[in-house]
Amino acid sequence: MHPSAQPPAPQREERSALIAGFAAFATWGLIPVYWKLLKTIPAIEIIAHRFIWTTLFLIILLTWQRRWAEVRQAACSRRTLLYCVASGLAISINWLVFIWAVNIDRVVETSLGYFMTPLVNVLLGAVFLRERLTRWQLVSVLLALVGVLNLTLGYGKFPWIAIVLCLSFGVYGLLRKKSGTRPIPGLFLETTLLTPIALLYLLSLKRGSGLIFGQADWSFVLLLISTGVVTGLPLVWFGHAARHLRMTTIGFLQYLAPSGSFLLGVFLYHEPFTRNHLVTFGLIWTALAIFTTEAVHRWHSGRDRPATAVPFADSAA
């Protein structure tokens with residue numbers, strides 16, 4: 001192609017950012033397939049490996065991007081470190097429950113949790129950041145609440161996995177917002193601060209001959225090592241997308257992740273999807289439609305950015 005026929009640089013950047021954003025959220029949507037490959041390994045051991053190998057991956061990434069100055073600046077603040085420890089604990093709970101739920105065939109319920117996350121983010125913002133709920137945001141939150149009550153009362157089972165996932169990630173997003181750290185340096189501090197605990201746990205397993213890593217087939221060893229790439233690489237894609245795409249576009253792409261998990265749970269893993277599930281998901285999807293439409297309207301009117309743009313990336317579920 002002749003140089004003059006090439007699209008302008010901003011257009012090329014936007015196109016590559018759209019591809020990167022799609023890749024990031026599609027990866028998070030399809031990630032249950034990856035965790036299913038590790039089904040025979042306890043979720044808590046997987047999490048320990050995830051912290052260790054993610055830390056090593058981020059060391060390589062930060063060195064390549066020459067961003068250690070950002071890490072040092074964040075690490076000099078005791079307040080930031082405390083927030084990173086707290087957010088690290090929140091994402092640990094999120095990762096642990098997600099992987100455990102996937103491997104006991106509850107993928108559909110995990111998707112419900114992540115569909116609810118933007119609504120929980122808005123609610124947490126109203127409670128802890130004194131952000132005012134608009135009328136339609138309140139309607140969305142109430143519809144989601146009705147959906148949860150329907151599944152609890154009609155199906156006779158409280159969707160605690162979905163609730164823990166959306167609350168833990170909502171709290172994680174709130175803590176990350178308060179810490180002021182950028183995604184990759186922030187994730188590095190979170191994993192680094194908790195990696196010693198992960199190492200101690202694996203060493204205790206090794207002493208008791210319960211460590212699967214040293215006894216497993218080489219394919220399992222490679223899968224465990226690759227948890228660092230699986231966690232970190234989609235975050236890199238998301239970072240590129242977030243820099244060059246409008247926040248409304250990021251907000252819409254965000255729903256690819258729970259949509260992918262939902263489709264996997266219903267059509268690939270044939271998990272139960274009853275009429276009560278349909279009613280609950282219908283209420284959640286209606287709430288999200290109202291929520292997103294209102295957010296887009298506020299963006300175009302110049303009053304606000306859409307709340308759907310609350311960071312989804314650091315879940316790296």
Discussion item. Can you compute the radius of gyration and Dmax for the stretch 170-298, using only the Cα atoms, both in Å?
Written reply: 19.8, 59
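State in Å² the accessible area per residue of the stretch 236-281; use a 1.4 Å probe, count heavy atoms of protein chains only, and round to the nearest integer.
On the way: 2260 Å² over 46 residues.
Result: 49 Å² per residue.
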Practice prompt. Can you tell me the order of 50-61, 262-273 when each peptide is scored by its average per-residue count of other Cβ atoms within 10 angstrom, highest first?
Written response: 50-61, 262-273
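How large a share of the accessible area of the chain, in percent, is made up of carbon and sulfur atoms when the probe is 1.4 Å and the other protein chains stay in place? Don't skip to the end; give the middle numbers.
On the way: 10480 of 15430 Å².
Answer for the chain is 68 percent, counting heavy atoms of protein chains only.
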Worksheet item: According to the Cα gyration tensor, what semi-axes, each the square root of 5 times an eigenvalue, does the equivalent ellipsoid of the stretch 112-244 have, listed from largest to smallest in whole Å?
Response: 35, 22, 14
Response to the item:
Along the dipole axis of the chain (charges at Cβ: +1 for Lys and Arg, -1 for Asp and Glu; origin at the Cα centre), the most positive-end residue among Phe220, Ala48, Ala69 is Ala69
Worksheet, complete the sentence: Calc'd 3J(HN,Hα), the stretch 181-191, phi into Karplus 6.51 cos²θ - 1.76 cosθ + 1.60 (θ = phi - 60°), Hz, glycine/Pro = x, comes to 7, 7, x, 6, x, x, 5, 4, 5, 4, 5
Fill in: Share of Cα-Cα pairs in the stretch 34-149 lying beyond 23 Å, as whole percent
53
Discussion item. With +1 on the Cβ of every Lys and Arg and -1 on the Cβ of every Asp and Glu, and nothing else charged, how large is the dipole of the chain about its Cα centre, in debye rounded to the nearest 20?
Written reply: 760
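Of Lys177/Lys206; Lys178/Lys206; Lys39/Lys157; Lys36/Lys206, which sit over 26 Å apart, Cα to Cα? Kindly include the intermediate steps, with their values, before the conclusion.
Working: Lys177/Lys206 37 Å; Lys178/Lys206 38 Å; Lys39/Lys157 24 Å; Lys36/Lys206 24 Å.
Where the Cα-Cα span goes over 26 Å, the pairs concerned are Lys177/Lys206; Lys178/Lys206.
Run the numbers on the chain and let me know its relative contact order in percent, using alpha-carbon pairs under 8 Å that are six or more apart.
Values: 407 pairs, mean separation 118.4, N = 317.
In percent, rounded to a whole number, it is 37.
Where the convex hull is taken over the Cα atoms of the chain, what is its projected area averaged over directions, in nm²? Can you show the working numbers first?
Working: hull surface 77.3 nm².
The directionally averaged projection comes out at 19.3 nm².
Taking only protein heavy atoms into account and a 1.4 Å probe, give the accessible area per residue of the stretch 34-137 in Å². Each step should come with its number before you reach the end.
On the way: 4970 Å² over 104 residues.
On a per-residue basis, the stretch 34-137 sits at 48 Å².
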Discussion item. Tell me the mean residue ellipticity at 222 nm calculated for the chain from its helices only (DSSP H runs of n ≥ 4, each -39500 (n - 2.57), averaged over every residue, nearest 500).
Written reply: -25500 deg cm²/dmol
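Give the shape of the stretch 64-116 as rounded, prolate or oblate, defined through the alpha-carbon gyration tensor: a ≥ b ≥ c are the square roots of its eigenvalues, a/c under 1.5 means rounded, and otherwise the shape is prolate if a/b is larger than b/c and oblate if not.
Numbers: a/c = 3.42, a/b = 2.43, b/c = 1.41.
Prolate.
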Discussion item. Students often check this: by mean Cβ neighbours within 10 Å, which of 159-168, 37-46, 183-192 ranks highest, and how do the rest follow?
Written reply: 183-192, 159-168, 37-46
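The values are calculated or read from the model by the stated rules, or taken from the named source; none is laboratory data. Owing to the predicted nature of the structure, the values given are computational and were not obtained by experimental measurement. Here Cβ is always computed from backbone atoms with ideal geometry, including for glycine, and neighbour counts include all displayed protein chains. The protein model used for the area step is the full one, side chains on, heavy atoms only, and it has no ligands, DNA or RNA in it. Shrake-Rupley method; radii C 1.70, N 1.55, O 1.52, S 1.80 Å.
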